[in-house]
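Accompanying notes for the structure given below.
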Amino acid sequence: MGLSFKKAIGNVPAIQIGMFAAKAAAKLFGGSEGAPGASETNPNSWTWASYLKAAAGGVGAGILTNMVKPGAGQKVLEGSLNYIIFKALQNELIYKSEWAIQHFGDDDYTPDEYLLTGADENWFLGADGNAYPTDEMYRLPEASYGDVLQPPGPLGDVLVSPGPLGSVAENYRREYFQQV
């Protein structure tokens, strides 16, 4: 059929190196003026500079790989370009269309109000899919947890011995008069 799984699997490591090199360059060097780099969860963090820096990282990884193993650098370059084009399509076309978000990117999209807003804030993702701050100021005050726990005590009155069905009232009456 013209498909070679052996060749495809052999190309995967070089392509993955290119993809990770482009992603690392965009994330580490993609930010400007002290801002964090490009993020997977925030399409607005990708700027033209992020795409250019990702491309430069892919080209650099391709050159380095070609020095180590001649010919393998081409696959690294292809992997980085595939990643950059994928991110450009995802960020610039899919996330700007309600229809496309619903059909192609709803699971990956995180609205801006749920993203990290600063390096000094830590957030966690709740079971409902929303991010919540871990800062102490968002926790409930201790007074709302309730008063001091009550010491364990008896779980009700004296137990009544079981009797035949229908004569429970008689057993209660006997136990009552024995106590009085």
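Cβ-Cβ contacts under 6 Å between residues 6 or more apart (or on different chains), taken from a first residue in region 6-24 that is in contact (Cβ under 8 Å) with a residue 40 or more places away in the chain to a second residue that is among the β-branched types (Val, Ile, Thr) and buried (at least 17 other Cβ atoms within 10 Å of the Cβ), are listed as Ala14/Val76; Ile17/Val76; Gly18/Val76; Ala22/Ile84. Screening Ala14, Ala24 for residues that are surrounded by 11 or more Cβ atoms within 10 Å (Cβ to Cβ), at pLDDT 90 or above and over 30 Å from Ile101 (Cα atoms) leaves exactly one candidate, Ala14. Summed over region 43-86, residues that are without any contact (Cβ under 8 Å) to a residue 60 or more places away in the chain, crowded, with 21+ Cβ neighbours inside 10 Å and of a type outside the set (A, V, I, L, M, F, W, C) total 7.
The values are calculated or read from the model by the stated rules, or taken from the named source; none is laboratory data. Here the structure is a predicted model, which means the values were calculated and not measured. Ideal geometry is used to build each Cβ from the backbone, glycine not excepted, and the neighbour counts take in all protein chains shown.
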